[in-house]
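S.K.: After the structure tokens below, expect a handful of questions from me.
The values are calculated or read from the model by the stated rules, or taken from the named source; none is laboratory data. No experiment lies behind these values; they were computed from the predicted model shown. Using ideal geometry, Cβ is built from the backbone for each residue, glycine included, and neighbour counts are taken over all protein chains shown. Ligands, DNA and RNA are stripped out before the accessible areas are found, and what is left, the full protein with its side chains, is counted by its heavy atoms. Shrake-Rupley method; radii C 1.70, N 1.55, O 1.52, S 1.80 Å.
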Amino acid sequence: MEARVSQCAARLARQENEIRLLTAEIEHLKNSGCLGVSPSLEGLRDENAKLKYRLNFLRKSLQEEISKPAKSMININNCLQEIFGAAIQAAYPELENPPLVVTPSQQPKFGDYQCNSAMGITQILLKTKEQKVSPREIAEKITKHIPANECIEKVEIAGPGFINVHLRRDFVSKQLSSLLVNGVQPPAIGKRKKVVVDFSSPNIAKEMHVGHLRSTIIGESMCRLFEFAGYDVLRLNHLGDWGTQFGMLIAHLQDKFPDYLTVSPPIGDLQAFYKESKRRFDTEEEFKKRAYQCVVLLQSKTPDFIKAWELICDVSRKEFQKIYNCLDITLTERGESFYHEMMKDIVKEFEDKGFVQVDDGRKVVFVPGFPVPLTIMKSDGGYTYDTSDLAALKHRLCEEKADIIIYVVDSGQVLTAEELKAAQTSVAFGCIKYADLSHNRLNDYVFSFDKMLDDRGNTAAYLLYAFTRIRAIARLANIDEQMLRKAAREEVLILDHEKEWKLGKCILRFPEILQKILEDLLLHTLCDYLYELATTFTEFYDNCYCVEKDRQSGQIVKVNMWRLLLCEATATVMAKGFDILGIKPVQRM
Ligand code: ARG
């Protein structure tokens with residue numbers, strides 16, 4: 001573009017100069033009294049008018065040229081996909097959605113890129129048309145239909161039917177020149193879109209933990225990428241600034257710094273302050289009562305309580321800011337409190353639309369496809385994270401008019417404090433027990449924390465983690481226990497794949513193992529078995545898709561139920577094994 005602009009500009013300068021000369025000439029003719037006399041003057045006027053017209057035209061196109069976005073860099077994979085898409089379409093017009101697989105080649109001998117669609121098409125032809133055609137034949141037919149293009153030098157068919165693609169050097173060279181001339185340009189996105197990124201989002205009066213730090217770092221990088229791609233980015237810090245914990249914090253503030261309204265309280269260590277108030281909340285009945293009153297007064301926006309709340313938030317904010325400064329990150333703060341007023345409307349809207357069910361005094365809303373409902377109002381009338389998140393979502397969609405909303409959250413935050421404690425206890429004591437149990441009790445034994453906590457070896461840490469991962473497979477596919485139970489009755493467990501077969505047999509060895517231990521009382525056999533089961537499961541999982549996802553969007557496209565049932569059978573046996581060992585499994589880790 002720059003070249004065209006400078007060409008244009010040079011031409012403009014030349015033309016303008018000419019106009020100036022012409023005008024000067026006309027002036028000169030006028031002054032010398034020749035106006036209307038010289039026949040050449042008419043010609044000059046004509047030319048002048050034409051030049052002006054041309055000048056305007058050039059100015060306009062220059063302006064257009066400048067305001068046009070720079071040419072985006074070519075996505076070579078996309079180009080090849082288009083070329084092979086067209087070739088496949090021409091070769092097999094009868095196929096509806098033929099697989100289009102183009103990947104960079106791993107080794108130079110396989111060319112620069114590969115199109116591996118032939119194998120998939122063989123399967124489709126067999127299944128849908130009952131035609132038996134070898135992938136090589138298909139590959140050949142595809143290559144015959146490759147349309148004229150500027151990027152492919154030559155193609156070769158290799159192995160069972162891979163199409164190796166060699167790129168043209170002059171094409172690559174031209175792309176590199178364009179990169180140098182235009183700079184690194186973002187991919188084209190079409191219409192400018194708005195993206196809201198919810199990240200960092202620590203909680204007032206608590207320390208920013210590693211999860212928040214990760215979210216901050218990853219979230220910021222996402223924002224930068226979207227900005228580069230030409231999106232309008234809003235970075236939102238969804239601070240936890242409105243929970244019931246403020247009741248006890250304010251009550252404690254009133255006691256410790258009674259003059260907080262006039263003198264800023266010197267809270268150096270907000271963590272300690274939080275801990276003290278929590279201890280009082282748990283042990284002093286009177287304090288607890290007052291803390292609850294403080295919540296009510298805060299939520300009804302009583303000025304002194306708002307002031308106390310602001311003071312506490314400020315202390316935290318300053319702490320968080322130190323970290324944001326170090327990381328050079330600027331976020332827009334829009335904490336939970338921002339959505340307070342919107343929450344009653346959310347509840348009303350859901351009620352009006354008839355989505356609300358009452359369960360044990362709570363108002364809940366079931367979301368299709370998800371077994372656990374959202375709680376939008378607690379039985380005491382209070383709101384929950386679900387309510388503030390729904391209000392935030394509505395605000396982001398309707399007020400901010402976001403096209404894309406991204407939540408960068410630590411997956412650990414689903415664990416509540418109690419769940420976290422339970423998980424830590426299970427894992428810690430599980431590891432200690434397992435270390436004893438997994439050794440042949442007749443042999444000597446070395447006590448080693450490193451060994452018992454090794455999350456890759458034959459330890460409780462490894463097995464418990466494997467167990468949580470197995471259980472997560474169905475959960476992430478939105479398959480709940482009930483659905484699994486139903487499928488267990490109706491589905492046939494297919495064991496065609498070698499790894500399915502291996503896993504199936506391994507699961508069924510459980511009774512043999514138990515029988516043997518009942519006879520020789522050597523419990524380490526059970527540990528060995530569980531470890532073998534976990535590794536056999538991993539082999540199965542690595543080779544057999546349980547849930548198939550669209551590569552690009554990550555959306556689930558297919559759930560292979562019989563495989564989920566194999567996962568479930570593995571988990572059930574593991575859970576029983578843990579039970580016998582006296583180890584408590586956890587659902588999440
Ligand atoms: N404050 C929450 C926590 O620390 C994270 C909030 C994430 N964002 C959201 N919209 N829920 O666990």
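S.K.: Out of P258, P186, report the one residue that is in a loop (DSSP other than H, G, I, E, B) and either within 16 Å of the ligand (Cβ to nearest atom) or open to solvent by 40 Å² or more (accessible area, probe 1.4 Å) (or both). Spell out the reasoning first.
M.R.: On the way: P186 fails: either within 16 Å of the ligand (Cβ to nearest atom) or open to solvent by 40 Å² or more (accessible area, probe 1.4 Å) (or both).
Result: P258 is the single residue among P258, P186 that is in a loop (DSSP other than H, G, I, E, B) and either within 16 Å of the ligand (Cβ to nearest atom) or open to solvent by 40 Å² or more (accessible area, probe 1.4 Å) (or both).
S.K.: While we're looking at this one, here's another question. What number of residues within the stretch 387-417 are near the ligand (Cβ under 9 Å from one of its atoms) and in contact with a strand residue (DSSP E or B) (Cβ under 8 Å, 6 or more places away or on another chain)?
M.R.: 5
S.K.: If you don't mind, another one. Going residue by residue through the stretch 490-501, is there one that turns out to be in a helix (DSSP H, G or I), closer than 30 Å to F366 by Cα, open to solvent by 90 Å² or more (accessible area, probe 1.4 Å) and at pLDDT below 95?
M.R.: Quick first cut of the stretch 490-501, residues in a helix (DSSP H, G or I) only: 490, 498-501.
This time we only want the ones that are closer than 30 Å to F366 by Cα, so: 490.
When the remaining residues are screened for being open to solvent by 90 Å² or more (accessible area, probe 1.4 Å), the result is 490.
Add one more test, that the residue is at pLDDT below 95, and what stays is 490.
Taking every residue of the stretch 490-501 in turn, at least one turns out to be in a helix (DSSP H, G or I), closer than 30 Å to F366 by Cα, open to solvent by 90 Å² or more (accessible area, probe 1.4 Å) and at pLDDT below 95.
S.K.: Restricting attention to the stretch 91-141, which residues are of a type in the set (S, T, Y) and farther than 11 Å from N164 by Cα?
M.R.: Within the stretch 91-141, the subset of a type in the set (S, T, Y) is 92, 103, 105, 113, 117, 122, 128, 134.
Scanning the stretch 91-141 gives Y92, S117, T122, T128, S134.
S.K.: Restricting to the stretch 223-246, give me the number of residues that are near the ligand (Cβ under 10 Å from one of its atoms) and part of a helix (DSSP H, G or I). Please lay out each step first, then the result.
M.R.: Here is the first cut: in the stretch 223-246, the ones near the ligand (Cβ under 10 Å from one of its atoms) are 236-241, 243.
Filter once more, keeping what is part of a helix (DSSP H, G or I): none.
Counting residues in the stretch 223-246 that are near the ligand (Cβ under 10 Å from one of its atoms) and part of a helix (DSSP H, G or I) gives 0.
S.K.: Is at least one residue of the stretch 159-171 open to solvent by less than 50 Å² (accessible area, probe 1.4 Å), part of a helix (DSSP H, G or I) and of a type in the set (A, V, I, L, M, F, W, C)?
M.R.: Yes - at least one qualifying residue is present in the stretch 159-171.
S.K.: Right, here's the next one. Please state which of the following conditions L453 fails to meet, knowing it meets all the rest: (1) touching a residue at least 40 places away in the same chain (Cβ under 8 Å); (2) over 18 Å from C546 (Cα atoms); (3) surrounded by 15 or more Cβ atoms within 10 Å (Cβ to Cβ).
M.R.: Failing condition for L453: (1).
S.K.: Do you know which residues across the stretch 331-369 are more than 16 Å from the ligand (Cβ to nearest atom), open to solvent by 60 Å² or more (accessible area, probe 1.4 Å) and among the aromatic types (F, W, Y)?
M.R.: Passing the criteria: F355, F366.
S.K.: Taking the criterion of being among the hydrophobic types (A, V, I, L, M, F, W, C), modelled with pLDDT under 95, within 14 Å of the ligand (Cβ to nearest atom) and open to solvent by less than 10 Å² (accessible area, probe 1.4 Å), would at least one residue in the stretch 201-222 satisfy it?
M.R.: yes
S.K.: Consider D542 carefully, then state whether it is within 25 Å of D454 (Cβ to Cβ), in contact with a helix residue (DSSP H, G or I) (Cβ under 9 Å, 6 or more places away or on another chain), of a type in the set (D, E, K, R) and exposed (fewer than 14 other Cβ atoms within 10 Å of the Cβ). Don't jump to the end; show me each part of the working.
M.R.: Details: within 25 Å of D454 (Cβ to Cβ): yes; in contact with a helix residue (DSSP H, G or I) (Cβ under 9 Å, 6 or more places away or on another chain): yes; of a type in the set (D, E, K, R): yes; exposed (fewer than 14 other Cβ atoms within 10 Å of the Cβ): yes.
So D542 passes the test.
S.K.: To continue, here is another question. Only one residue in L533, L508, L521 is surrounded by 15 or more Cβ atoms within 10 Å (Cβ to Cβ) and of a type outside the set (S, T, N, Q). Which one? It would help to see each step written out before you state the result.
M.R.: On the way: L508 fails: surrounded by 15 or more Cβ atoms within 10 Å (Cβ to Cβ); L521 fails: surrounded by 15 or more Cβ atoms within 10 Å (Cβ to Cβ).
The match here is L533.
S.K.: Out of everything in the stretch 370-386 that is over 22 Å from the mean Cα position of the chain (by Cα) and within 16 Å of the ligand (Cβ to nearest atom), what residue ends up being most open to solvent (accessible area, probe 1.4 Å)?
M.R.: Out of the qualifying residues, it is Y383.
S.K.: While we're on this one: Considering only residues that are under 14 Å from K318 (Cα atoms) and open to solvent by 90 Å² or more (accessible area, probe 1.4 Å), which ones fall in the stretch 265-284?
M.R.: Of everything in the stretch 265-284, just one residue is under 14 Å from K318 (Cα atoms) and open to solvent by 90 Å² or more (accessible area, probe 1.4 Å), namely P266.
S.K.: Scan the stretch 362-383 and report the pairs whose first residue is closer than 16 Å to I346 by Cα and part of a loop (DSSP other than H, G, I, E, B) and whose second residue is open to solvent by 50 Å² or more (accessible area, probe 1.4 Å) and aromatic (F, W, Y), with Cβ atoms within less than 9 Å and a gap of 6+ or a chain change.
M.R.: Cβ pairs passing all conditions: F366/F355; P373/F366.
S.K.: So, one more: Do any residues in the stretch 175-193 that are under 10 Å from G230 (Cα atoms) have Cβ atoms under 7 Å from those of residues that are open to solvent by 40 Å² or more (accessible area, probe 1.4 Å) and part of a helix (DSSP H, G or I), where the two are at least six apart or on different chains, and which pairs are they?
M.R.: P186/F228
S.K.: Going by what's in this entry, would L476 be described as more than 16 Å from the ligand (Cβ to nearest atom), touching a residue at least 60 places away in the same chain (Cβ under 8 Å), over 25 Å from E568 (Cα atoms) and out of contact with any Cys (no Cβ under 7 Å at 6 or more places or on another chain)?
M.R.: Numbers: more than 16 Å from the ligand (Cβ to nearest atom): yes; touching a residue at least 60 places away in the same chain (Cβ under 8 Å): yes; over 25 Å from E568 (Cα atoms): no; out of contact with any Cys (no Cβ under 7 Å at 6 or more places or on another chain): yes.
When the stated conditions are applied, L476 does not pass them.
S.K.: Please find, within the stretch 37-72, the residue that is modelled with the highest pLDDT out of those that are in a loop (DSSP other than H, G, I, E, B) and open to solvent by 90 Å² or more (accessible area, probe 1.4 Å).
M.R.: Narrowing the stretch 37-72 to residues in a loop (DSSP other than H, G, I, E, B): 37-38, 68-72.
Subsequent filtering for residues that are open to solvent by 90 Å² or more (accessible area, probe 1.4 Å) retains 37, 68-69, 71.
Details: V37: 44, K68: 51, P69: 50, K71: 70.
Here the answer is K71.
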